[in-house]
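**Q** What follows is a structure written as structure tokens; I'll ask about it next.
The values are calculated or read from the model by the stated rules, or taken from the named source; none is laboratory data. Just so it is clear, the structure is predicted and the values come from calculations on it, not from any experiment. Here the Cβ is made from the backbone with ideal geometry for all residues, glycine too, and neighbour counts use every protein chain on show. For the accessible areas, the whole protein counts, side chains as well, though only heavy atoms, and no ligand, DNA or RNA atoms are used. Shrake-Rupley method; radii C 1.70, N 1.55, O 1.52, S 1.80 Å.
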Amino acid sequence: MAALSIGVAGAGLLGRLLAWQLAGAGHRVTVFDPATGPLERGAAGWTAAGMLSPLAELECGNEAVARLGLRSLALWPHIVAGLPQPVDLRHQGSVLLAHGPDLGAARRLLGLLSTKAPGGQPPEPLTPEQVRELEPAVHGPAHAWLLHDEGQIHTVQAMQALAAGAGDRGVQWHWGRSVRNVEPGCIDGQRYDWVFDVRGLGARPSLPLRGVRGEVFWLHAPGVVLHRPLRLLHPRWRVYLVPRPGELVVVGASEIESEDRSPISLRSTLALLSAAHSVVPELAEARVVHSEVNLRPALPDNLPHLDVAPGLTRINGLYRHGWLLAPALVEQALVAMEQPVHAEADFA
Ligand SMILES: Cc1cc2nc3c(=O)[nH]c(=O)nc-3n(C[C@H](O)[C@H](O)[C@H](O)COP(=O)(O)OP(=O)(O)OC[C@H]3O[C@@H](n4cnc5c(N)ncnc54)[C@H](O)[C@@H]3O)c2cc1C
């Protein structure tokens, strides 16, 4: 494809990934975002724990989401290898855990996996000895399974590295610019050959989006070694623990139908941290070094939206699995750009 002038509204996860890839393909890319600079952490992409869980996310997604996720898992290593700064990316599976009385909740998810998983290896039940070998810090849960086709990415490192990589490729950033109007080939009256609308919640009212509040903690836990994400299956709470370099563990995430971005509540604090402690008791002496709240951009069906018309691509509704879906959606969006007909991907 000939080099195009491309405008991108939004410099969150999707905007950065698109900018980096489009500039790498030789296009002239300009990005607009209301943040004051590349390190301001307004986008949901910063807050995400970075679980890459195509299978476990079947609980709140569908088979299409799982397929996109499996594709993204294959794409992330190539993306990370091309970035100018290191990004911690692991593909060592995740461990599902359930306490004795919560076996029913676990069986529900395992049932979904056996009927809806579009591929990948089935969950492998783990004996207590196998759990001790894989994750010696885990004590307490009576039931455990290994999901092989899952991973994690360090979202803060990736947001920074994508911006740096896109900058190296000549992307023009316009920080402090809130876009009001996106039309085919046009952002706020400025003409481009093609434009992308990836403003997350900022794309309202063009799309019927809502924000879903999520809260996470960062714990500094010297000496507590976790090798892969842990997900506790509980009838009321879905709690995961994601290890990060620097002896950090991210504990998340609440899911609340509210657009309140005020600090984390007492109720979520108790639920998330007691659940984490019930799985890894050594966390008792961890220090709470950071907590963060953000809104997941979601559509009424909680499914992703990819709409390509000549001169305009909209991607949105990545909800609770943006890091899982973004590479595969961007791949589809770039292929669709070369076919100048209106096409809306169907992920139902
Ligand atoms: C607590 C929490 C935990 C999560 N955990 C995970 C996880 O473990 N795994 C996973 O895969 N996903 C996770 N997610 C989901 C993931 O973060 C989102 O799905 C993803 O960030 C959505 O990407 P996006 O680019 O559409 O939106 P965002 O990353 O929110 O970016 C949108 C950008 O658009 C900009 N913008 C807004 N209005 C305008 C405007 N008018 N003009 C220009 N720009 C505008 C914003 O400033 C922002 O930079 C989590 C999210 C939260 C909140």
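**Q** Of the residues 247, 257, which single one is on the phi > 0 side of the Ramachandran plot and of a type outside the set (Gly, Ala, Ser)?
**A** 247
**Q** May I ask you to verify whether residue 162 is within 14 Å of the ligand (Cβ to nearest atom) and in contact with a helix residue (DSSP H, G or I) (Cβ under 6 Å, 6 or more places away or on another chain)?
**A** yes
**Q** What strands (runs of 3 or more DSSP E) completely inside region 235-327 contain at least 3 residues that are under 13 Å from residue 49 (Cα atoms)?
**A** 238-244, 248-252, 287-298
**Q** List pairs: first residue in region 1-22 and without any contact (Cβ under 8 Å) to a residue 60 or more places away in the chain, second residue more than 6 Å from the ligand (Cβ to nearest atom) and open to solvent by 10 Å² or more (accessible area, probe 1.4 Å) anywhere in the structure, Cβ distance under 6 angstrom, at least six positions apart or on different chains.
**A** The qualifying pairs are 3/26; 3/27.
**Q** Inside region 25-81, can you point out the residues that are open to solvent by 30 Å² or more (accessible area, probe 1.4 Å), away from the ligand (no atom under 11 Å from the Cβ), part of a helix (DSSP H, G or I) and among the small types (Gly, Ala, Ser)?
**A** Listed by number, the residues that qualify are 74, 81.
**Q** Residues in region 7-30 that are small (Gly, Ala, Ser) and either within 15 Å of the chain's Cα centre (by Cα) or within 11 Å of residue 159 (Cβ to Cβ) (or both): how many?
**A** Result for region 7-30: 3.
This table checks each residue for (1) touching a His at 6+ places or on another chain (Cβ under 6 Å); (2) crowded, with 23+ Cβ neighbours inside 10 Å; (3) under 27 Å from residue 93 (Cα atoms).
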site: 167; (1), (2), (3): no, no, no
site: 187; (1), (2), (3): no, yes, no
site: 196; (1), (2), (3): no, yes, no
site: 204; (1), (2), (3): no, no, no
site: 235; (1), (2), (3): no, no, yes
site: 262; (1), (2), (3): no, no, no
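**Q** Could you tell me whether any residue of region 213-222 is small (Gly, Ala, Ser), at negative phi, touching a residue at least 60 places away in the same chain (Cβ under 8 Å) and not in a strand (DSSP E or B)?
**A** Yes, that holds for at least one residue.
**Q** So which residues in region 288-303 are more than 12 Å from residue 318 (Cα to Cα) and of a type in the set (Gly, Ala, Ser)?
**A** Selection gives 291 alone.
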